[in-house]
Amino acid sequence: MALANTEAYPQPIAKLAFRNLGKTFFVQGQTKQTLNDINIDIQTGEFVAIVGASGCGKSTLIRIAAGLESASEGGIYVEGNRVSSPGNDRGMVFQQFSLFPWLSVTENVMFGLQDQYPDKRQRTEAALIWVDRVGLAEFSDYYPNQLSGGMQQRVAIARALAPGPKVLLMDEPFAALDAQTRSRMQRHLLEIWRKLDITVLFITHDLEEAVLLADKIFVLAPNPGRLMATLPIEIPRSNDGLERDKYVPAFAEVLRELSDLLMKSVGSEHE
């Protein structure tokens, strides 16, 4: 009788991995631990949200992933390669639009393409493709102060995506927008995510936004920031495979579960 093959199949390398990640700051001569022993795997094409109470280190976590800050312990890896600095394998979108006011829409998107396209004409053509993809072709020569908040954030998204990153990092990108614009931007982001099959790590304090967008939600507890829970979102997306119906009972149940987890996380730091 043939023996079964007991060799384990190799596991796929995570698109983005946090390994024993910790971060300590020095404040007025004293150490303050902001993040402690964070271990997270995010797979190719996943849309992942991170939520947590104030002080849990959400923004610090994503800045380390972007290479804008360094970890004190552990590390972050993209497809198994350790992150040590900013790179084109990661695109970053901030809460504030972070556009250069003296550059046009096209020129802002061109900014991250110098290495890939030394020739200015090719760089312009590549940027215009992304300007069109975010629906701003007719505004390509406008300057940031001539655009609405939602349009400025679309420029920021185009600039982050133009170099072809493997992971899109977003730090509360829609927090400064009004409710109607925010809803449109959420929809637009989902369309981009689905079309490009890109991996997204999305920081938000808005629980409804997290459930609307994400495949999976990581909940961080504060002081120091640590992973408290992982919540897969199994609510089906609508017929177009993008948005979820926030009026179904399952949506309210997930929101309640998230709210309970956050309340518990805040209470745990006082125990």
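Things to note:
- Only strands (runs of 3 or more DSSP E) whose full extent lies in region 9-104 are considered here, and the ones with at least 2 residues that are more than 28 Å from Leu161 (Cβ to Cβ) and either within 19 Å of the chain's Cα centre (by Cα) or at pLDDT below 90 (or both) are 16-27, 30-42.
- Flag for Ser238 being open to solvent by 40 Å² or more (accessible area, probe 1.4 Å), touching a residue at least 40 places away in the same chain (Cβ under 8 Å) and out of contact with any His (no Cβ under 9 Å at 6 or more places or on another chain): no
- Just one of the listed residues (Val83, Val78) is more than 28 Å from Val266 (Cα to Cα), in contact (Cβ under 8 Å) with a residue 40 or more places away in the chain and surrounded by fewer than 23 Cβ atoms within 10 Å (Cβ to Cβ), namely Val78.
- Counting only residues that are under 23 Å from Trp193 (Cα atoms) and not small (Gly, Ala, Ser), region 28-52 holds 10 of them.
- The residue that is farthest from the chain's Cα centre (by Cα), among those in region 193-215 that are within 14 Å of Glu46 (Cα to Cα) and surrounded by fewer than 18 Cβ atoms within 10 Å (Cβ to Cβ), is Lys195.
- Qualifying residues in region 113-151 (those that are in a loop (DSSP other than H, G, I, E, B) and open to solvent by less than 30 Å² (accessible area, probe 1.4 Å)) - the one nearest to Asp89 (Cα to Cα): Val134
The values are calculated or read from the model by the stated rules, or taken from the named source; none is laboratory data. A quick note: this is a predicted structure, and the numbers were derived from the prediction, not measured. Methodologically, a virtual Cβ is constructed for each residue, glycine included, from the backbone with ideal geometry; neighbour enumeration extends over all protein chains shown. To get the accessible areas, we keep the full protein, side chains included, count just its heavy atoms, and leave off ligands, DNA and RNA. Shrake-Rupley method; radii C 1.70, N 1.55, O 1.52, S 1.80 Å.
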